[in-house]
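We did not get these values from a lab; they are worked out from the coordinates using the rules stated. This is a predicted model, so every value here is computed, not measured. Note that each Cβ is placed from the backbone with ideal geometry, even for glycine, and that neighbours are counted across all protein chains shown.
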Amino acid sequence: MKLGVLKENTDQRVAVVPDTVPKFQKIGIEVLVEKNAGAAAQFSDAAYQEQEAQVMDRAEVIKQADVIISIHPLSAEERQSIRTEQWLISQFEPFNDKEITPALEKEGRNAFSLDMIPRTTLAQSMDILSSMASIAGYKAVIEAGRLLPRYFPMMITAAGSIKPAKVLVLGAGVAGLQAIATARRLGSMVEAFDTRTAAKEEVLSLGAKFVEVEGAADDSGAGGYAVEQSEDFLKRQRAEVQARAMKADVIITTAQVRGRKAPLLVPTSTVEQMKPGSVIIDLAASTGGNCELSKDQELVVHQGVQIYGNSNLAELMPQDASTLYSNNLHNFLKYITKDGEIEVRMDDEIISGALITPAPKEA
């Protein structure tokens, strides 16, 4: 089986890195790579060739590959050059793009969406969402430090003492926990809030204070995702957030509800109560934002508060992000292949979860 790795048009990452190529070869998969696919992540064509991957033009990769992998889906126009027996593996995000699955079905495509892999213990090594969220949480703190006009840690100098920065993290999933850990390493005082009951122990274990608001909806069946909350709960939550935000130097928001608009946690009125020079990093900006003033991929300044919306911070660390993505992809393909061929087992939770369009008919 031949795996075709394409260059991303709007992203610095690449789906497969050179060090992972031998791992694919061990499970019977030959790797074809588009020219300069890894250049933006500092992986040269020569590095791929050293690992015995074939480097060729995009059209040739698409023509020869049995499985075509990309981080972002191919356009509808480019999909017209794909044969029906070829497999597409990407992040199709069918929860957000309601048209993609019907379009693929109409075209007769066979497609796995990596963002649909169930977030279970067995699938942890394949979980690209967690890998990218961890990087985003780390990078959110680094970006906040770049914008913040003061130190994170307490500093005692001959010229006087500086108090540590106060960081408020909203949402203690993978991204939030990594943000907490990073902010703590930098010496700041950290508070965190999450509607999920299981998050409290993890937040406390990282040395942060957990902010509780009573009456959250049960999340036990949500598979690790946040769930939609009642308006009454959201109202009390916003009041608590505003009280904390007034004292915070940095707010990092990560709360997203799968398939829905991100919950509003930081309204304009809260931003206007924050200290000038404070920073908000909104990782939910692409789905509406947790901050009312957020604009995706933009830095907004409102009454001295800087609000940076970016749901794809992992792209700003393309080398490590590509490495983790490549490892996740290898683990997934190793799981779904046998003797170098994809084996669709619809009774398997991971395979059936990731498969968004019909597999080939059984013999």
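Between GLN80 and ILE142, the C-beta separation translates, for a Förster distance of 51 Å, into a calculated FRET efficiency of about 0.80. Packing order of peptides 157-167, 68-78, highest average first: 68-78, 157-167 (average count of other Cβ atoms within 10 Å over each peptide's residues). Annotation: amide H of VAL305 within the under-5 Å range of GLY277, sequence separation 5 or more or interchain, hydrogens built in the peptide plane. Bridges between two residues of the chain, per DSSP, are antiparallel at a rate of about 20%. If you look at the Cα atoms of segment 220-353, you get an Rg and a Dmax of 19.4, 61 Å. Couplings 3J(HN,Hα) for segment 135-148, derived from phi with the Karplus relation 6.51 cos²θ - 1.76 cosθ + 1.60 (θ = phi - 60°), are 5, 4, x, 5, 5, 4, 5, 4, 5, 4, x, 5, 8, 5 Hz, where x marks Gly and Pro.
Globularity index of segment 132-315 is 0.96 (Cα radius of gyration / 2.2 N^0.38 Å, N = number of residues).
When TYR308, TYR151, TYR335 are arranged by Cβ crowding within 10 Å, least crowded first, meaning fewest neighbours, the order is TYR151, TYR335, TYR308. Count the net charge of all other residues whose Cβ sits under 14 Å from the Cβ of LEU299, scoring Lys and Arg as +1 and Asp and Glu as -1. Overall, the nearby charge balance is -2. Taking amide H atoms as placed 1.01 Å from N in the peptide plane, the amide H of GLY4 lies under 5 Å from those of LEU32, ASP66, VAL67, ILE68, ILE69, each 5 or more residues away in sequence or on another chain.
Legend: ranking of residues MET116, MET346, MET154, MET126 from fewest to most surrounding C-beta atoms inside 10 Å; resulting order MET346, MET154, MET116, MET126. Using a cut-off of 32 Å between Cα atoms, the listed pairs LYS106/LYS338; LYS7/LYS166; LYS63/LYS261; LYS98/LYS235; LYS26/LYS98 include LYS7/LYS166; LYS63/LYS261; LYS26/LYS98 as exceeding that distance.
With each label point set 7 Å from Cα along the Cα-Cβ vector, what nm distance links ARG185 and THR157? Simple spin-label model gives 2.4 nm for this pair.
Value of Rg to Rh for the chain, rounded to two decimals, is 1.01; Kirkwood radius and Rg both from alpha-carbon coordinates.
Rounded to the nearest Hz, the phi-derived 3J(HN,Hα) couplings of segment 32-45 under the Karplus curve 6.51 cos²θ - 1.76 cosθ + 1.60 (θ = phi - 60°) are 10, 10, 5, 3, 6, 4, x, 4, 5, 9, 6, 10, 7, 4, where x marks glycine and proline. Put simply, the amide H of ILE162, placed in the peptide plane, has neighbours under 5 Å in MET155, ILE156, THR157, leaving out anything fewer than 5 places away on its chain. The slack in the chain from VAL344 to GLU50, taken as 0.36 nm per residue of separation less the alpha-carbon distance, amounts to 102.6 nm.
Each Lys or Arg adds one and each Asp or Glu takes one away; over the other residues whose Cβ falls under 13 Å from the Cβ of THR120, this sums to -2.
Subtracting the Cα-Cα distance of THR121 and GLN319 from their residue separation scaled by 0.36 nm leaves 68.7 nm. Can you tell me how segment 1-137 classifies by the Cα gyration tensor, rounded, prolate or oblate, using a/c under 1.5 as the rounded cut? Oblate shape, in that a/c is at least 1.5 and b/c is the bigger or equal ratio.
Relative protection proxy for 283-293, 314-324, from highest mean packing down: 283-293, 314-324 (other beta-carbon atoms within 10 angstrom). Relative to the current alpha-carbon distance between ALA59 and GLU105, full extension at 0.36 nm per residue lengthens the span by 14.2 nm. Positive contributions from Lys and Arg (+1) and negative ones from Asp and Glu (-1), summed over other residues with Cβ under 13 Å from the Cβ of GLU212, come out at 0.
Rounded to whole Å, give me the distance from the Cα center of segment 26-78 to that of segment 308-363. Taking the Cα centre of each part, segment 26-78 and segment 308-363 sit 16 Å apart. Among ASP348, ASP45, sorting on how many other beta-carbon atoms sit within 10 Å of each Cβ, with the fewest leading, yields ASP348, ASP45.
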